[in-house]
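**Q** I have a structure I would like to understand better, so I am pasting it below and will then ask my questions one at a time.
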Amino acid sequence: MRTYNPGDTVTDPGDTCRELLILIEGEASIHYQGAAGPLIERFRPGQALDELEVLTHSDMENAILADAKSTRILAIPVSSFDQLIDQDPDFARR
């Protein structure tokens, strides 16, 4: 479990995705460039922050920042997540 404060960087663009990040407490946001300009997507507790990168084994394209005091994030190694998907087809479907 990692703890962040407002403005702390959780991931940077280009980071190699080695962990599934799940927001446990607080708030976080991803900042990216859309066709109409900069966009921000907000996350709430219970949401995965980088599930697409974990599933595709790709690098982070955008920055994820903590937005609240004492934002807590659970980091699950990609290898453990992959192993769980391989061993539990029901989990993989959900």
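**Q** Could I have the simple spin-label model distance between Glu27 and Thr3, label points 7 Å from Cα toward Cβ, reported in nm to one decimal?
**A** Calculated label separation equals 2.0 nm.
**Q** List, in order, the whole-Hz ³J(HN,Hα) value for each residue of the stretch 40-54 obtained from phi through the Karplus relation with A = 6.51, B = -1.76, C = 1.60 and θ = phi - 60°; use x for Gly and Pro.
**A** 10, 10, 9, 10, 10, x, x, 8, 7, 8, 9, 4, 5, 5, 5
**Q** Suppose each label sits 7 Å from its Cα in the direction of the beta carbon; what would the Leu39-Lys69 distance come out to in nanometres?
**A** Taking the simple label geometry, Leu39 and Lys69 are separated by 3.3 nm.
**Q** Let me ask something additional. Using the Cα centre as the reference, give the magnitude of the dipole from point charges on the C-beta atoms of the stretch 2-93 (Lys, Arg: +1; Asp, Glu: -1; all else neutral), rounded to the nearest 20 debye.
**A** Values: 7 positive and 17 negative charges, 73 e Å.
Around 360 debye, computed over the stretch 2-93.
**Q** Using Cα pairs closer than 8 Å and at least 6 residues apart in sequence, work out the relative contact order for the chain, in percent.
**A** Working: 201 pairs, mean separation 40.7, N = 94.
With pairs under 8 Å counted, the relative contact order is 43 percent.
**Q** With N set to the number of residues, divide the alpha-carbon radius of gyration of the stretch 2-93 by 2.2 N^0.38 Å and report two decimals.
**A** Details: Rg = 13.6 Å, N = 92, 2.2 N^0.38 = 12.3 Å.
For the stretch 2-93, the normalised Cα radius of gyration is 1.11.
**Q** Right, another one. Ignoring everything except DSSP H segments at least 4 long, calculate the 222 nm mean residue ellipticity for the chain; use -39,500 (n - 2.57) per segment, divide by total residues, nearest 500. Can you show the working numbers first?
**A** Details: 3 runs with 21 residues, N = 94.
Value at 222 nm, helices only, nearest 500: -5500 deg cm²/dmol.
Coordinate-derived values only; no laboratory data. Values in this document were obtained by computation on a predicted structure and should not be read as measured data. When we count neighbours, we look across all protein chains shown, and the Cβ atoms used for this are built from the backbone with ideal geometry, even at glycine.
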